[in-house]
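First the structure, in the form of structure tokens, and then the observations on it.
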Amino acid sequence: MNIKRIKFASKLGLVAAAAGSAVGLGNIWRFPSQAADGGGALFIFLYIGCIAFFGIPLMMGEFIIGRSGRANASGSFKKLAPGTQWKWVGRLGILTAFLILGFYMVVCGWTMEYIVQSVSGQLMATESFGENFNNLLQDSTRQSVWMVLFTLLTAFFILAGVKKGIEQSAKILMPVLFLLLLILGFRSVTLSGSAEGLAFLFKPNMGAVKSTIFLDAIGQAFFSLSIGMGAMTTYGSYFRDDSNLRNTAFQVSLLDTLVAVLAGIIIFPAAFALTQTPETIVTTLVAGGPGLLFITIPQLFHHLPFSSLWATMFFVLLGIAALTSTISLMEVVTTFLHEELNMLRRNAVTFISMGVVVLGVTSSISPQFFDILDYTNAKIMLPLSGLFISLFIGWYLDKKITFAQLTNDGTLSVSVRFLKFYIFILRYIAPVAIVGIFVYGIFF
Ligand code: PFF
């Protein structure tokens, strides 16, 4: 079937859409809790290493596969490796995208709840932010309703089309979110007592090191960059022929990392400065996991004038960042069903939304199910996907295709040294390291 593919209209739009996919709850909700769990600085150091050595090359890899295949995540592999089983790598990613939606949407629902609470002033009027968040966790009906609404919102944007829906919204709102985060970061580090929080974030604490720290870091890096679930392959397939894949991957990864670190700079100093006893800080940080964002940030707003206004702005922007991520996740599965199974996009979106709602309701009712989905995706499926993508580009794909994609058929000047180094990383370093990290994290 020859489906005419839509392309992103402008260069900025393309970076914004890919960054919109990457920057999401993973940066602001998941990263700080992972960093707290991993003991702060060392985790962050490993995380940045994973972004540089595996994340950026693999993101470029997904762009290459998507733009040269010009199809969905499975179809692109089929075009580049006809008659082989490589298409299953794409399909693994598509399945992962679907499963991620099953718990990610629940957190998106929490964000909706917090938007409403902020607007109504209820959030800032609460006695205890911890209790407020726990009440929400106990109420699976409320969580489910918000989750369903967020799923519908995502479905609406998908049906509005790639260019209009994704590009326009991402282009305007991402910079606004970034600005707000900068303001909050500034407020947080200027609180008295914030220094300890900064130290926690930037001074390595060897006592907290666990054997899973590498796996946690790589899983978080892939999750945050939207790698290993076909998202960047699918977006790559919409890129224009003159888009610079290498620079886009660098820019998106840099932005994504900045936002994550900024979220840490907001949350840790605030958590240390605003929690009364040191013991509770550490337990909140470590056990706080998902709650960190929804407890600490409102605490921080409490210390600002016009607190409800700030809270509203923050949660609305967070919701939008989450939306540009859920759009990309749903787009992966939609394009697959549309192109490979000949489903109408509308039907595909309906079908996926129903599946996501089933997973989402289960995740709202059962925190264990939520954790299993989160764990299997971040710690097993994403590293595996990353491994296979690096093997595909490093060993299978004709180097001429890789070079042609990275240089736009020779029109961009990319040094031969860079190209060789790129292949070297995907051929040897990434596969060996990912297997090592995986085995060490799972079995030791
Ligand atoms: N990268 C997104 C985040 O950090 O929130 C989550 C995500 C989006 C994961 C899209 C995967 C994906 F395909």
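Each value in this text was obtained by applying a stated rule to the coordinates, not by laboratory testing. Treat the numbers as computed from the prediction; the structure is a model and nothing was measured. Cβ placement follows ideal geometry from the backbone for every residue including glycine, while neighbour counts extend to all protein chains displayed.
Based on the Kirkwood approach, the hydrodynamic radius assigned to the chain is 21.8 Å, with every pair of different Cα atoms included.
Taking a sphere under 9 Å around the Cβ of Asn72 and counting the other residues whose Cβ falls inside, with K and R at +1 and D and E at -1, yields a net charge of -2. Over the chain, Cα pairs under 8 Å with separation of 6+ residues give a relative contact order of 35 percent. Size check on the stretch 1-106: the Cα extents along the three principal axes, sorted descending, read 50, 34, 31 Å. Listing Trp86, Trp395 from fewest to most neighbouring C-beta atoms within 10 Å gives Trp395, Trp86.
What separates the Cα centres of the stretch 324-354 and the stretch 393-416 is a distance of 30 Å. Specify whether the C-alpha gyration tensor of the stretch 330-444 places it in the rounded, prolate or oblate class, a ≥ b ≥ c being the square roots of the eigenvalues: rounded for a/c under 1.5, otherwise prolate if a/b is larger than b/c and oblate if not. Since a/c reaches 1.5 but b/c is at least a/b, the shape of the stretch 330-444 is classed as oblate.
Using a Gaussian network model of the chain whose springs link C-alpha atoms within less than 10 Å, name the residue from Leu406, Leu180, Leu262 with the highest mean-square fluctuation. So, out of Leu406, Leu180, Leu262, the one fluctuating most is Leu180. Using the Kirkwood radius over C-alpha pairs as Rh, can you work out the diffusion coefficient of the stretch 173-268 via Stokes-Einstein at 25 °C, viscosity 0.890 mPa s, in µm² per second? Value of D from the Cα-based Kirkwood radius: 154 µm²/s. Highest mobility in the GNM of the chain, judged by mean-square fluctuation with C-alpha springs under 10 Å and restricted to Lys210, Lys379, Lys78, is found for Lys210. Exceedance of the 27 Å cut-off in Cα-Cα distance is limited, within the set Lys171/Lys203; Lys79/Lys420; Lys7/Lys420, to Lys171/Lys203; Lys7/Lys420. Taking the Cα centre of each part, how many Å lie between the stretch 197-258 and the stretch 99-170? Between the Cα centres of the stretch 197-258 and the stretch 99-170 lies a distance of 24 Å. Sorted ascending by nearby beta carbons within 10 Å, beginning with the fewest, Trp88, Trp310 become Trp88, Trp310.
Per residue, the average separation of C-alpha pairs within less than 8 Å and at least 6 apart gives the stretch 1-145 a relative contact order of 12 percent. Looking at the stretch 115-234, the pairs of alpha carbons with a distance over 18 Å make up 78% of the total. Springs between Cα atoms under 10 Å define the GNM used for the chain, and in it the highest mean-square fluctuation of Ile213, Ile172, Ile64 occurs at Ile172.
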